[in-house]
Amino acid sequence: MTGEALPLPHRRPWTKLERGLLAMGLSGKALVIFAPALWLTVFFLVPLAVVFGISLSIKQFGRPPYSDLLTVGEDGTVQLTLHLSNFLRLFSDNLYVSAYLNSIKVAAISTVLALFIAYPMAYFIARSSDRWRNILLMLVILPFWTSFLLRVYALSGFMRGNGVINNLLGVFGIEPLVMLQTDFAVYVGIVYTYLPFMILPLYTTLVKLDASLLEASADLGARPLRTFLTITLPLSAPGIIAGSMLVFIPAIGEFVIPSLLGGPGTLMIGRVLWDEFFSNTNWPRAAAVAIAMLVVVVVPIMLMQRAQSAVVERR
Amino acid sequence: MAKKPQIAAETRPWRDPSAKPFVKIRDVTKKFGDVQAVNHVSLDIYKGELFCLLGGSGSGKSTLLRMLAGFEAPTAGTIEIDGQDMTGVAPYNRPVNMMFQSYALFPHMSVKQNIAYGLKRDHLPKAEIGDRVAELLSLVKLQDYGKRRPHQLSGGQRQRVALARALAKRPKLLLLDEPLGALDKKLREETQFELVKIQETLGVTFIVVTHDQEEAMSLATRIGVMNQGEIAMIGEPTEVYEFPNSRFVAGFIGSVNMFEGVVTEDEADHVRIRSAEAGCDIFVDHGVDCAPDQVLWYAIRPEKITLHRERPEGDANITRGMVEDIAYLGDMSVFQIMLGSGKRIRVTKANSLRGDPDGIKWDEEVYVQWNGGSGSVLTV
Amino acid sequence: MRRSWFLPIAASLGFAFLYAPIISLVVFSFNESRLVTVWSGFSTKWYGELFADPQMLGAAWLSLQVAAVSASIALVLGTLCAVALTRFRRFRGRTALAGMVSAPLVMPDVITGLSLLLLFVTMESLFGWPAGRGTLTIILAHSTFAMAYVTVVVQSRLADLDLSLEEAAMDLGAPPIRVFFDITLPIIAPALVSGWLLGFTLSLDDLVIASFVSGPGSSTLPMVIFSKIRLGVSPDVNALATIIIGVVALGVVAATVLQMRGRNGGRAKGARA
């Protein structure tokens, strides 16, 4: 655009105001950028800085329940007290380390499981006729719009000692399985709730797949499995990566699912943070856990983004 | 289609040294990062012209048009329209309107609302807007289509709405970006005629950007051929076609046969060129700005060459070859002839006789001749 | 299709997996007995209990209000952000803005919740505002993370929008603000509606962040539900779930039908919804 307007040819109610603002160096463009930027700085960046700051404090009675970093003495001295104890504890105490590792393990396994279940579904929808495709997509999206919490609750009801599955098994005379309060339940829970997030990116990539590529492969003598492995799978890589990102990363920090479906042995870092905060009222410790979690999560994010751009560039 | 004489075409203001140009483009350059899209272009366009910017993709023609409209600002240079410097003037404040390649009709508005949009921005009284819209609808012959939405119209109808919308504010300058590109051949021919008629009637200055040289030739009062961000040649269609100033222009417009040769005689009233490619001497019946022993090129158009079974009289502009292929196009035939030197040339001949039994056939040895004044000598 | 037996079966199993728990929820909301084991008869008494529970109703009302306000704030901010990121070419801090607005999408809820709470606490001790946590802090928090989703939705629609439509409007004399309200907004309106609905649903559904930033007396519906189901099966929650599923199903079906019908109406170049 070629910049500011000439003297405006006709009056508009905000003409004077506009000219005033322009004179002050503000333009409409600046305001459009400024408003969301300011909001995000205040409500996203600053909080992270605050978390970092408080992670260097220690638990203390009072409101708020942590020590001040800066203290002004009576003789006018300003003292900055930073405690590294929280971070040191993260490494020394086995609880945290195993919680982090366990979270990554659980998230990774769940992502792979979700991929295996979602892929045939996405493929089936992508290959369906137009009308069916819309209906099936609708069926996939519908659970997403219902409450996440309620779906996990539904799953727990399903898997209880006296729940639907066990009732069914009882009909066949099979002993009730213990499904809740296990790692298994958490896997099922994560796969169950995050499945639409895996299906949709896969579907988007698969639906763009040119059918003539598959036909060409068959024409050149490849059997269906080979065509799938050498043509379909590599070309659906962007969808696989996107879907995995949408499942793996949030799953690491999951709280609700391990809390409702997991047992005392399924330690996940989201739950640890929650307990530190709500049960132990150890806000600084929770803050340290959060910072460490951010670091743990940032690495996979960057790796996946790099994978994504690598795939895109290869085309 | 025969082109009717146009207002500017009759007066030819570009030949009058005292005429004031309507649009002055002075040394305009546009850079996008490292890419130079438009490179020091200077151009004068006169009132009432239908000027065509012709070029391939990447030639800079669209960028130049967008700078005239105000969507891009020149990196350097100035643009003046009707005496007003347009530097820093936003598109919504220019007396210029544009017809977009994709038509850009507002999908959520009816035809009438689309056309009225520009008038509403000027805050004209409702009655006046209504009258003007009706006037434009009848100009483009879409009187009964006012209430329709763009998606309910055919491609040709959408194009006419886009034109009407662009003319609504009586702009001093109308810019058209590939106006006929999306139409099929038949429609394109009809619309070319309509477009010229409208331009004549209204006397608006048109600048058309196109990559289609036939379109440019049939629409334009003058053509500006662009190549890689620069103007290769400006001239009336006859000038550009018959007297190209470079190999690029000669090759870009229509088809051409190009012979490389060396000047043997350089006189004020004639030039003789020895050409191994042609396999003969080329005699040019007028003086050319060149020097003896200079290497240059001779361009001769396919329709200017004649084919003979017996060797015609003359010591130059006659060579031999074999007919490799004949393409029958209905109205004319295109002969592909391989000369003795190995060079292939194109010769076209109108099929003025139906099913000529005596006509030249495949694999015949023929003599190829052209007139000394029919070709162009090109030094660049 | 070659492997014509595998795909439909695998897909059906997948869909069955997705829906079985939900269907059982719905079915047992009408169960006479409290248990999920035995079907003792059809009854709507749990629905009655649900509507007689002031805690649930109060929480539901609060959640709806918070969701509506947050979605609206998120819509405005998210649209501004999307416009800045798609229409403005290069400006200082562009990558920073893009990063900040997409981070909430992948950041775990617990971190977002904790960080916002700590912010509010610090702000209170420094400025005295916000005074205590409550509805306001929940709205601020929800607007922030919903904004990220709105930006994604609106950004993708804006990127698809034919730029020449906006240029044509400018060429005809409309300054940029006019172009936005006359041309851009009407055409991307469906995306704005989706964005609002997305923000609304996310806010309504959020448990973790609300738990962190809410205060006494401002319990949202998910918080109340969570405390109930932690203790075991709660049939009135089943009833609530059924109602929510019913409303959502109606909405999604209606939207899909509209979309399918819209597609048949034909589209001009540059107008896709």
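Details
- Scan of segment C:13-23 for residues that are crowded, with 20+ Cβ neighbours inside 10 Å and not hydrophobic (A, V, I, L, M, F, W, C), ordered by number: C:Gly14, C:Pro21
- Reported count of residues in segment C:170-202, each being in a helix (DSSP H, G or I) and either in contact with a Ser or Thr (Cβ under 6 Å, 6 or more places away or on another chain) or among the aliphatic types (A, V, I, L, M) (or both), is 14.
To keep it simple, each residue is scored yes or no on (1) under 17 Å from the mean Cα position of the chain (by Cα); (2) among the charged types (D, E, K, R); (3) closer than 29 Å to A:Gln60 by Cα.
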position: A:Pro264; (1), (2), (3): no, no, yes
position: A:Met268; (1), (2), (3): yes, no, yes
position: A:Pro284; (1), (2), (3): no, no, yes
position: A:Val295; (1), (2), (3): yes, no, yes
position: A:Val299; (1), (2), (3): yes, no, no
position: A:Met302; (1), (2), (3): yes, no, no
position: A:Ala310; (1), (2), (3): no, no, no
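- Here B:Val225, B:Val240 are screened, and the one residue that is surrounded by 20 or more Cβ atoms within 10 Å (Cβ to Cβ), within 22 Å of B:Trp370 (Cβ to Cβ) and not assigned by TED's automatic domain parsing to the domain that holds B:Asn371 is B:Val240.
- C:Ala131 over 26 Å from C:Arg89 (Cα atoms), more than 11 Å from every other protein chain (Cβ to nearest Cβ) and among the aliphatic types (A, V, I, L, M): yes
- Residue match in segment B:26-40 (condition: among the hydrophobic types (A, V, I, L, M, F, W, C) and out of contact with any strand residue (DSSP E or B) (no Cβ under 9 Å at 6 or more places or on another chain)): yes
- In this structure, C:Leu118 does not satisfy being outside any loop (DSSP other than H, G, I, E, B), under 23 Å from the mean Cα position of the chain (by Cα) and at the interface with chain A (Cβ under 8 Å from one of its Cβ atoms).
- Members of segment B:70-119 that are aliphatic (A, V, I, L, M), under 28 Å from B:Gln157 (Cβ atoms) and not in a loop (DSSP other than H, G, I, E, B): B:Val96, B:Met98, B:Met99, B:Val111, B:Ile115, B:Ala116, B:Leu119
- Verdict on B:Gln336 being farther than 20 Å from B:Gly372 by Cβ and surrounded by fewer than 19 Cβ atoms within 10 Å (Cβ to Cβ): yes
- Qualifying residue in segment C:226-233 (condition: within 9 Å of chain A (Cβ to nearest Cβ), part of a helix (DSSP H, G or I) and under 17 Å from the mean Cα position of the chain (by Cα)): no
- Checking each residue in segment A:254-269 for being within 14 Å of A:Lys105 (Cβ to Cβ) and surrounded by 24 or more Cβ atoms within 10 Å (Cβ to Cβ) picks out A:Glu254, A:Pro258, A:Met268, A:Ile269.
- Of the helices (runs of 4 or more DSSP H) lying entirely inside segment A:113-215, those containing at least 1 residues that are of a type in the set (Val, Ile, Thr) and at the interface with another protein chain (Cβ under 7 Å from one of its Cβ atoms) span A:130-145, A:164-171.
- Segment C:179-217 - residue that is within 30 Å of A:Ala290 (Cα to Cα) and touching a Lys or Arg at 6+ places or on another chain (Cβ under 7 Å) and, of those, nearest to the other protein chains (Cβ to nearest Cβ): C:Val213
- Test: C:Leu158 is at the interface with chain B (Cβ under 10 Å from one of its Cβ atoms), over 30 Å from A:Pro65 (Cα atoms), touching a residue at least 12 places away in the same chain (Cβ under 8 Å) and outside any loop (DSSP other than H, G, I, E, B): no
- One residue stands out among those in segment A:281-291 that are in contact (Cβ under 8 Å) with a residue 40 or more places away in the chain and not β-branched (Val, Ile, Thr): the one that is surrounded by the fewest Cβ atoms within 10 Å (Cβ to Cβ), which is A:Asn282.
- Verdict on B:Ala182 being out of contact with any Lys or Arg (no Cβ under 7 Å at 6 or more places or on another chain) and crowded, with 22+ Cβ neighbours inside 10 Å: no
- Enumeration of residues in segment A:258-285 that are small (Gly, Ala, Ser) and either at the interface with chain C (Cβ under 10 Å from one of its Cβ atoms) or closer than 20 Å to A:Val296 by Cα (or both): A:Ser259, A:Gly270
- Qualifying residue in segment C:70-88 (condition: over 30 Å from A:Met268 (Cβ atoms), surrounded by fewer than 19 Cβ atoms within 10 Å (Cβ to Cβ), in contact (Cβ under 8 Å) with a residue 24 or more places away in the chain and under 22 Å from the mean Cα position of the chain (by Cα)): yes
- Residue under evaluation C:Ala98, criteria (1) surrounded by fewer than 18 Cβ atoms within 10 Å (Cβ to Cβ); (2) facing chain A (nearest Cβ under 9 Å); (3) touching a residue at least 12 places away in the same chain (Cβ under 8 Å); (4) touching a Leu at 6+ places or on another chain (Cβ under 8 Å), criterion not met: (2)
- Filter result (part of a strand (DSSP E or B), among the hydroxyl-bearing types (Ser, Thr, Tyr) and either under 18 Å from B:Arg12 (Cβ atoms) or touching a Ser or Thr at 6+ places or on another chain (Cβ under 8 Å) (or both)) within segment B:186-225: B:Thr205
- Flag if B:Arg160 is in contact with a Leu (Cβ under 7 Å, 6 or more places away or on another chain) and either touching a residue at least 12 places away in the same chain (Cβ under 8 Å) or surrounded by fewer than 22 Cβ atoms within 10 Å (Cβ to Cβ) (or both): yes
- Scan of segment C:114-155 for residues that are touching a Leu at 6+ places or on another chain (Cβ under 6 Å) and hydrophobic (A, V, I, L, M, F, W, C), ordered by number: C:Ala141, C:Ala146, C:Met147, C:Ala148, C:Val150
The values are calculated or read from the model by the stated rules, or taken from the named source; none is laboratory data. Just so it is clear, the structure is predicted and the values come from calculations on it, not from any experiment. Using ideal geometry, Cβ is built from the backbone for each residue, glycine included, and neighbour counts are taken over all protein chains shown.
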